[in-house]
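The values are calculated or read from the model by the stated rules, or taken from the named source; none is laboratory data. In this text, all values refer to a predicted model and were calculated from it rather than measured experimentally. A quick note on method: Cβ atoms are made from the backbone with ideal geometry, for glycine too, and the neighbour counts reach across all protein chains shown. Only protein heavy atoms, including side chains, enter the accessible area calculation; ligands, DNA and RNA are left aside. Shrake-Rupley method; radii C 1.70, N 1.55, O 1.52, S 1.80 Å.
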Amino acid sequence: MGGMIAGEQIGRPLGYANNAGIWGLIWDPKVNTEGSRQFIRAVVDKYNHTPTSRGYLGYAAMTQILEAIQRAGTTDASALMKALEGREFDGLKEGRSYFQASTHQHMQDVLVGEAYGKELGLGHYKILATVSGDSLAGSVQAGVCQL
């Protein structure tokens, strides 16, 4: 599981003072949901820092794969794919997070953020908008790969 190369991944190598512009963000600590607040508290309590979007991706991936193993009763890849198909879960965002049954893609909100150029409160971005993952999904034709 992974995410787009933007936001946090761009800011770190550039140096936050040089990071400017509008970016797609997979998650941000300013997302104000109960699940997000709990995640932030847990990371801060254990590691004494605010989680990044990469920490979010690791958390989302590991919780979902561990729950799928429990539901499937095995680590067999085919059984895990079946256990994840159509599964909706708390993606720590406002909109739905789920695995699209036909494509196995993780469908989730994408945040649009403007880089501050420095740390300002929680994170490095001003959240401008949230775009629903469902609105970004193309039409699904099971079994057909179109490049």
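Check the straight Cα-Cα distances from LYS82 and name the aspartates and glutamates below 17 Å, setting aside those fewer than 8 residues away within the same chain.
Those aspartates and glutamates meeting the cut-off are GLU67.
Taking K and R as +1 and D and E as -1, what net charge do the other residues with C-beta under 12 Å from the C-beta of GLU34 add up to?
Net of charged neighbours comes to +1.
Just to confirm, what accessible area per residue do you get for segment 60-138 at 1.4 Å probe, in whole Å²?
Here the residues of segment 60-138 average 54 Å² of exposed surface.
Using a Förster distance of 41 angstrom, determine the FRET efficiency expected from the C-beta separation of LEU128 and THR63, and round it to 0.05.
0.90
Leaving out ligands, DNA and RNA, and with a 1.4 Å probe, what % of the accessible surface on segment 74-135 is carbon or sulfur?
On segment 74-135, the fraction of accessible area on carbon and sulfur atoms equals 51 percent.
What is the sum of charges, Lys and Arg at +1 and Asp and Glu at -1, for the other residues whose Cβ falls under 13 Å from the Cβ of ALA137?
-1
To the nearest 0.05, what FRET efficiency results for VAL112 and GLU88 with a Förster distance of 22 Å applied to their C-beta separation?
Efficiency computed from Cβ-Cβ geometry: 0.40.
Using modelled amide H (1.01 Å from N, peptide plane; none on Pro or chain starts), what sits under 5 Å from the amide H of GLN105, excluding residues fewer than 5 places away?
For GLN105, whose amide H was placed from the backbone, the distant partners under 5 Å are GLN100.
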